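Reading through the structure tokens given below for one structure.
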Amino acid sequence: EEELPDGLDESWSQEEDEDSDSDASSVADVSSSGSVALVSRNCVECLAQPAEAQEKVLKPALVCSLFPNVPPTIYFSTRDERVEKLPWEQRKLLRWKMCTVTPNIVKQTVGRSHFRVSKKSNDWLGCWGHHMKSPSFRAIKEHQKLNHFPGSFQIGRKDRLWRNLLKMQARCGKKEFNFFPQSFILPQDIKLLRKAWEEGASRQKWIVKPPASARGIGIQVIHKWSQLPKRRPLLVQRYLHKPYLIGGKKFDLRIYVYVTCYDPLRVYLFTDGLVRFASCKYSSSMKSLSNKFVHLTNYSVNKKNTEYKSNSDQTACQGHKWALKALWSYLTQKGVNSEAIWEKIKDIVIKTIIASEPYVNSLVKMYVRQPYCCHELFGFDIMLDENLKPWILEVNISPSLHSNSPLDVSIKGQMIRDVLNLAGFVLPSTDSVVSRPQTRSGSTCSLGSAMKKPKPASEHFIAEKMKKAYYLTQKIPDQDFYSSVLDILTPDDVRILVETEDEYSRRGQFERVFPTHISMRYLRFFEQPRYFNILVTQWELKYYLNKHKGLELLKNWCVKGYHTGAGTDLAQ
């Protein structure tokens, strides 16, 4: 197996949270039938297929678009389904690039869709690998997808996350950005930290974290200035000392957030997740601060405690790891409005992703050939305080997908299947897989050659540019002004709307949180306005109660409008 040149296997960070060597010990092999076969010391039992007696449902290999003249996407199945085989001419294009960090659950999901391990550097369609330096993204061909965006470490590194959230707070106000603890990055903020420390109460606690570590490594809770580690850089945060407790124990939530595109921004939340408990009862005593089993919720820390209890039941509120849906049921039974907490979490997620948006979009334009080439799954760690207010703790750009219990398999297996379906992998034409010089294009790949962008010289191209400029240069735009963006749609507009609607139809158990019919309120948080964000939020606002009408309008355009490239009046 050759490696992709320019850094696809360069290690930026390891999977956090659970043993990073678990997946490195798995073997990706090519079985006699040609699909990916898996062996893993940890996961053989968990990842076993359903019993032979249970008849598996046969699923088509390709998912048709909602719209005519738009290519289908590759279907990824659950463990109780089997996927039909494509004819060999198409099936031979199903190649997956394996890396040392490709999780077993990803290998198995792509194997069920008859992907084979790529033996070359340029013939693969998908890869689940390391993050890498931005210029390395240039090596990704137009028909390939990697599970990262350049610049996503702007929220994935602890120090960058807090720097960017503080910047948003300064620009947009504390009222909107009050969901993260007071934070200082050393050595730059040492004087500010000293001032806050001296102004604080005598029994205050601070949590100290290395900015780029994972799995709880190097984290400690302190209460004396003399305990501050000498090494730098360092992140120091005011400790959330009054967490909401269940059974006397502290816990946090792992929320899975999936971004398919940054322009327009499309963000999804998986409706299930994990609740991770500390394995010892919480204590606010200063003497307990050195006990990581009391103050840290990381699985990789707590599994070392002999008191740690695993949980194999997705619906049960037992042990030190629960399903997120089990927590919502538990809280609802206690009379808590869990839906209100979920809405606050969605708000935190959208604002945090927006904090990374200017960096990512700038680097995508600079280094990525097609928007199609990137997608990313984030792991947001959220804690609830005693008043059930959610606080963001950190964001992981390589959330652990190790599945060493039935609970993990059930949640992460469904999620990865839905991620890969949402990603919209398209079978390339055979000649595009053959290595050849390619130029960067702004069109969205999932619409393929069926709806090519008009040539730059054409009057339609000039009209599109003028329309975008018109909606981006208004001093004080209002809803009436913005709603007119749908009066006449350009080919570019339709391309984006078709892709957005098609993608939404493949969401599985993900919930789209941006764009929605209430997304207009978030546009003011973007450092600079984006035309396509205005377009998709107005589309949602107009058609969210009548999806059918919006889809019919787009279908009509796909049948007629793309042949002429003319702008189409869809206001009626």
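The values are calculated or read from the model by the stated rules, or taken from the named source; none is laboratory data. This is a predicted model, so every value here is computed, not measured. Virtual Cβ from ideal backbone geometry, glycine too; neighbours counted across all protein chains shown. The protein model used for the area step is the full one, side chains on, heavy atoms only, and it has no ligands, DNA or RNA in it. Shrake-Rupley method; radii C 1.70, N 1.55, O 1.52, S 1.80 Å.
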Just one listed residue, out of 309, 325, is closer than 25 Å to residue 103 by Cα, assigned to a loop (DSSP other than H, G, I, E, B) and open to solvent by 40 Å² or more (accessible area, probe 1.4 Å), and it is 309
Would you check if there is a residue in segment 269-277 being aromatic (Phe, Trp, Tyr), touching a residue at least 24 places away in the same chain (Cβ under 8 Å), open to solvent by less than 30 Å² (accessible area, probe 1.4 Å) and within 30 Å of residue 136 (Cβ to Cβ)? yes
Run down 121, 113 and say which single residue is open to solvent by 20 Å² or more (accessible area, probe 1.4 Å) and not assigned by the TED database to the domain that holds residue 363. 121
For segment 485-524, what are the residues that are at pLDDT 95 or above and either hydroxyl-bearing (Ser, Thr, Tyr) or outside the structural domain of residue 558 (by the TED database) (or both)? 500, 504, 505, 516, 519, 522
Looking only at segment 398-408, count how many residues are open to solvent by 10 Å² or more (accessible area, probe 1.4 Å) and assigned to a helix (DSSP H, G or I). 1
Out of (1) under 28 Å from residue 208 (Cβ atoms); (2) in contact with a Phe, Trp or Tyr (Cβ under 6 Å, 6 or more places away or on another chain); (3) part of a helix (DSSP H, G or I), what's the single condition that is false for residue 420? (1)
Condition broken by residue 146, with the remaining ones in (1) free of Cβ contacts under 8 Å to residues at least 24 places away in the same chain; (2) of a type in the set (A, V, I, L, M); (3) not assigned by the TED database to the domain that holds residue 293 satisfied: (1)
Restricting to segment 484-513, count the residues that are of a type in the set (Ser, Thr, Tyr), buried (at least 20 other Cβ atoms within 10 Å of the Cβ) and farther than 17 Å from residue 560 by Cα. 1
The listed residue being of a type in the set (Phe, Trp, Tyr), under 30 Å from residue 420 (Cβ atoms) and modelled with pLDDT of 95 or more, out of 330, 367: 367
Scan of segment 77-99 for residues that are in a helix (DSSP H, G or I) and under 24 Å from residue 56 (Cβ atoms), ordered by number: 88, 90, 91
Please indicate, with yes or no, whether at least one residue in segment 409-418 is among the β-branched types (Val, Ile, Thr), open to solvent by less than 10 Å² (accessible area, probe 1.4 Å) and farther than 28 Å from residue 104 by Cα. no
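Every residue, every condition in (1) surrounded by 15 or more Cβ atoms within 10 Å (Cβ to Cβ); (2) of a type in the set (A, V, I, L, M), yes or no:
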| position | (1), (2) |
| --- | --- |
| 280 | yes, no |
| 321 | yes, no |
| 339 | no, no |
| 377 | yes, yes |
| 387 | no, no |
Search segment 282-295 for residues being in contact (Cβ under 8 Å) with a residue 40 or more places away in the chain and surrounded by fewer than 22 Cβ atoms within 10 Å (Cβ to Cβ), and hand back the single one that is farthest from residue 373 (Cα to Cα). 286
Given (1) of a type outside the set (S, T, N, Q); (2) modelled with pLDDT of 95 or more; (3) open to solvent by 50 Å² or more (accessible area, probe 1.4 Å); (4) not in a loop (DSSP other than H, G, I, E, B), residue 534 misses just (3)
Mind counting the residues in segment 183-226 that are closer than 17 Å to residue 292 by Cα and exposed (fewer than 13 other Cβ atoms within 10 Å of the Cβ)? 1
Restricting attention to segment 227-238, and to residues there that are farther than 19 Å from residue 195 by Cβ and modelled with pLDDT under 85, which single residue is most open to solvent (accessible area, probe 1.4 Å)? 230
Residue in segment 537-572 that is nearest to the chain's Cα centre (by Cα), counting only those that are at pLDDT 95 or above, among the polar types (S, T, N, Q) and not in a loop (DSSP other than H, G, I, E, B): 537
Residues located in segment 460-479, provided they are among the aliphatic types (A, V, I, L, M), open to solvent by less than 70 Å² (accessible area, probe 1.4 Å) and within 17 Å of residue 523 (Cα to Cα): 469, 472
When segment 100-110 is examined, which residues are found to be open to solvent by 10 Å² or more (accessible area, probe 1.4 Å) and assigned to a loop (DSSP other than H, G, I, E, B)? 100, 101
Which is surrounded by fewer than 15 Cβ atoms within 10 Å (Cβ to Cβ) and in contact with a strand residue (DSSP E or B) (Cβ under 7 Å, 6 or more places away or on another chain), of 89, 55, 84? 84
When residue 304 is evaluated against the numbered criteria (1) of a type outside the set (A, V, I, L, M, F, W, C); (2) touching a helix residue (DSSP H, G or I) at 6+ places or on another chain (Cβ under 7 Å); (3) assigned to a loop (DSSP other than H, G, I, E, B), which criterion, by number, is the only one it fails? (2)
Within segment 72-81, considering residues that are at pLDDT below 95 and in contact with a helix residue (DSSP H, G or I) (Cβ under 7 Å, 6 or more places away or on another chain), the one farthest from residue 559 (Cα to Cα): 79
